[in-house]
Amino acid sequence: MPELPEVETVARGLQAALPGRRILNVRLSKTDFIANPAEIERCLPGSRVSRVRRYGKFLVLDLDSSTATSQSPALLIHLGMTGRLILCRPEAPVAPHTHVFFALDDGRELRYTDIRRFGSMQFLPRGVNGSGLEKLGVDPLEVSELAFLSRLRGRRARIKALLLDQGVLRGIGNIYADEILWRARIHPMCLAANLKQDELLCLHRAMRDVLNEAIRLRGSSISDYVDAEGLPGTFQLRHRVYGREGKKCFSCGTPIRRAVVAGRSSYFCPRCQPALRAPARSRGKSRELSAPPKNQNRPKQHEHDGVPKPGGRAHARP
DNA sequence: CTTACGGCCTGGGTGC
DNA sequence: TGCACCCAGGCCGTAA
C-alpha cells in the first residue's frame, strides 16, 4: 500500500535512473486504469524523462523539459494499493498483471504492474497545471508548524480523517496515520478541535519523525509494495500499531485494539491514546509523557470491539 | 461550508 | 474442488 514513504522511495529510485532516458516504445495491456491510453501510446514514444518526483502519493514523470517549466508534458502515476513500477531488463520474466511496458533507450524496460488496478495513470500534455493536483493539501514533510496548526485547529472532524484527507495533507494513508497517532499519543477518534496546541505540535513532530524514518527504511512492505528495483522496504518491522490487534503495545503492554474510524481499520493503544483527554483541571504539571505500565491490564482476551466512546457526541452544542 | 457515510473499483485469501 | 464472501484504500456522490 504505497503511501508517502513508499512513493518517495520509488521516486528516488527512478530519479536516479531515468533522467535523460528516452522512451522508445510503449506497450499497453489492460488500460481501464489509464485516463487517456491513446495519448500515451501516441505521445510518449520519443519523449525524454527529465525528472521524477513525488507529489503526495502521486509519481510525476516530467518529460522533455529542457526548460524545466511546469508547461512541459508529464506522466502522472498513482500506485493505488498494489501498483508497482519497476525498472528491469526486457528479458526479465513478466509478472502477472503487468499492464504497461516502457522500452527505454538504455536497453532497459520500465514496467507497471497492478494486481487490483486501483492505481491510475494519466498523460498530461501541458504538465501538472490544471490536472487537479492543485486541490491537494500541503506536503507533510514541508508544512511548517504554523501552517499545520492553521489547517487543523478548530476542525470538528476526527483527527484521523483529517490526516487521511489528501486535501489537507497530501501523502498520508491508513498505515502511517495510525503510526503517527500512536507516536503522538492521540486517539484516532479525537476531534481536531478538541486537541490543544501542544498536542497538535506533538502531532506535527510525530508526523515528520514517522515519515522520515519510514523513508530511511525505504517504506513498508505489507503486501505487494516494492521499490523501483523490486526490493521491499523494512519499515513494517517498525510498525507500532498497524496490523497488531491484540498484541502488546510497545510502550505500555496493553493489547492493541482495532476500530473503524473514518471508515478505515484503525489500530491504537487504548491506554497510551486515551479517547477522552483528561480535563486540564490540575494546572501546573503537564500530562505525563511516558506511560508507566502500572496497573496490570486485564488478561489478554479479545476485547469486544471496544470502541471507547470519544467525547464527540457528548458536547454537541446547540 | 463542513462532516459522515455508503458504494464502487478488483482480485487474493479464507472458510465452508 | 469449487464457490461465495469479505476486505483492502482512495475517491466520489449524497445526505445531514
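Mind checking whether some residue in the range A:251-260 is hydroxyl-bearing (Ser, Thr, Tyr) and exposed (fewer than 15 other Cβ atoms within 10 Å of the Cβ)? No; the residues of the range A:251-260 include none that is hydroxyl-bearing (Ser, Thr, Tyr) and exposed (fewer than 15 other Cβ atoms within 10 Å of the Cβ). Only one entry in A:Arg111, A:Arg117 is among the charged types (D, E, K, R) and either part of a loop (DSSP other than H, G, I, E, B) or touching an Asp or Glu at 6+ places or on another chain (Cβ under 9 Å) (or both), namely A:Arg117. Only residues that are closer than 17 Å to A:Met121 by Cα and part of a loop (DSSP other than H, G, I, E, B) were counted in the range A:35-59, giving 7. Listed conditions (1) crowded, with 22+ Cβ neighbours inside 10 Å; (2) modelled with pLDDT of 90 or more are all met by A:Pro2, apart from (2). Looking at the structure I just gave you, is A:Arg54 within 16 Å of DNA strand C (Cβ to nearest atom) and modelled with pLDDT under 95? Here the answer is yes, as A:Arg54 does meet what is asked. A:Glu134 falls short on exactly one of the conditions (1) over 22 Å from A:Arg48 (Cα atoms); (2) modelled with pLDDT of 90 or more; (3) not hydrophobic (A, V, I, L, M, F, W, C), and that condition is (2).
Filtering the range A:185-231 to residues that are surrounded by fewer than 23 Cβ atoms within 10 Å (Cβ to Cβ), away from DNA strand B (no atom under 16 Å from the Cβ), assigned to a helix (DSSP H, G or I) and not charged (D, E, K, R) leaves A:Gln197, A:Leu201, A:Cys202, A:His204, A:Ala206, A:Asn212, A:Ile215. State which residue is nearest to the chain's Cα centre (by Cα) when the search covers only the range A:94-108 and only residues that are part of a loop (DSSP other than H, G, I, E, B) and more than 16 Å from DNA strand B (Cβ to nearest atom). Step by step, filter the range A:94-108, then rank; the result is A:Arg108. Look at the range A:259-275: where a residue is within 13 Å of A:Ala177 (Cα to Cα) and within 13 Å of DNA strand B (Cβ to nearest atom) and a partner is at pLDDT 90 or above and assigned to a loop (DSSP other than H, G, I, E, B), sitting 6+ places away or on another chain with Cβ atoms under 6 Å, you get A:Val261/A:Pro188; A:Val261/A:Met189; A:Ser266/A:Pro188. The set of residues in the range A:19-34 being in a loop (DSSP other than H, G, I, E, B), at pLDDT 95 or above and not basic (Lys, Arg) consists of A:Pro19, A:Gly20. Contact map, the range A:25-37: first residue charged (D, E, K, R), second residue part of a strand (DSSP E or B) and surrounded by 15 or more Cβ atoms within 10 Å (Cβ to Cβ), Cβ cut-off under 6 Å, separation 6 or more or different chains; pairs are A:Arg27/A:Phe101; A:Lys30/A:His99.
If you filter the range A:152-175 down to residues that are small (Gly, Ala, Ser) and within 14 Å of A:Leu191 (Cα to Cα), you find that the one that is surrounded by the most Cβ atoms within 10 Å (Cβ to Cβ) is A:Ala161.
Just to be sure I understand the filter: pairs with C-beta atoms under 7 Å, separated by 6 or more residues or on different chains, first member in the range A:207-227 and farther than 18 Å from A:Gly243 by Cβ, second member hydroxyl-bearing (Ser, Thr, Tyr) and surrounded by fewer than 23 Cβ atoms within 10 Å (Cβ to Cβ). Which pairs pass? Partner pairs satisfying both residue conditions: A:Arg218/A:Thr234.
The values are calculated or read from the model by the stated rules, or taken from the named source; none is laboratory data. On a predicted model such as this, the values are computed, not experimentally measured, just so you know. Virtual Cβ from ideal backbone geometry, glycine too; neighbours counted across all protein chains shown.
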